[in-house]
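The values are calculated or read from the model by the stated rules, or taken from the named source; none is laboratory data. This one's a predicted model, so the numbers in the text were calculated from it and none came from an experiment. These accessible areas exclude ligands, DNA and RNA; they are computed on the full protein's heavy atoms, side chains included. Shrake-Rupley method; radii C 1.70, N 1.55, O 1.52, S 1.80 Å.
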Amino acid sequence: MMWKKCCTPGTGLLVLRVVLGVIFIAHGWAKVQAMDGTIGFFGTLGFAPFWAYVVAWSEFLGGIALVIGVFSKISAVLLSITMLVVILSVKSGAGITGPRGIELEISLLGGLVA
């Protein structure tokens, strides 16, 4: 049966990996393209400019790694750390939904852990 051949756990993880990769590529590239603004935003959060570069490039390159399946476990770990920092420090005290909700970050973290 065609259904059993295409719908395996591996296929599901492939789809998840590619979707997560595309999301991180988009977010990372937006940060890289507007690095001055990214540095300024990170500064308002108390982070040094160094971290703006680390996050922007790790999101962009980590997303590419997820999409093509190279170093995907390392990328998932590094991007998970980024999501944890966002959840615990940047959006500390925010609810799950709402204007500063953490639903996106929790979803991305869950996908990366999977």
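In table form, for the structure just shown:
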read-out	value
Residue with peak Gaussian network fluctuation, the chain [Cα springs, cutoff 10 Å], from F50, F24, F42	F50
Solvent-accessible ranking of V90, V22, largest area first, probe 1.4 Å	V22, V90
Solvent-accessible area per residue, Å², over the chain with all protein chains present [probe radius 1.4 Å]	63
Residue with peak Gaussian network fluctuation, the chain [Cα springs, cutoff 10 Å], from L88, L61, L14	L88
The chain - Rg over Rh from alpha carbon coordinates, Kirkwood radius	1.04
Structure-based [θ]222 nm, the chain - -39500 (n - 2.57) summed over DSSP H runs of at least 4, per residue, nearest 500	-24000 deg cm²/dmol
Sulfur and carbon atoms: percent of accessible area, the chain [1.4 Å]	75
The chain: relative contact order as a whole-number percent, Cα under 8 Å and 6+ apart	26
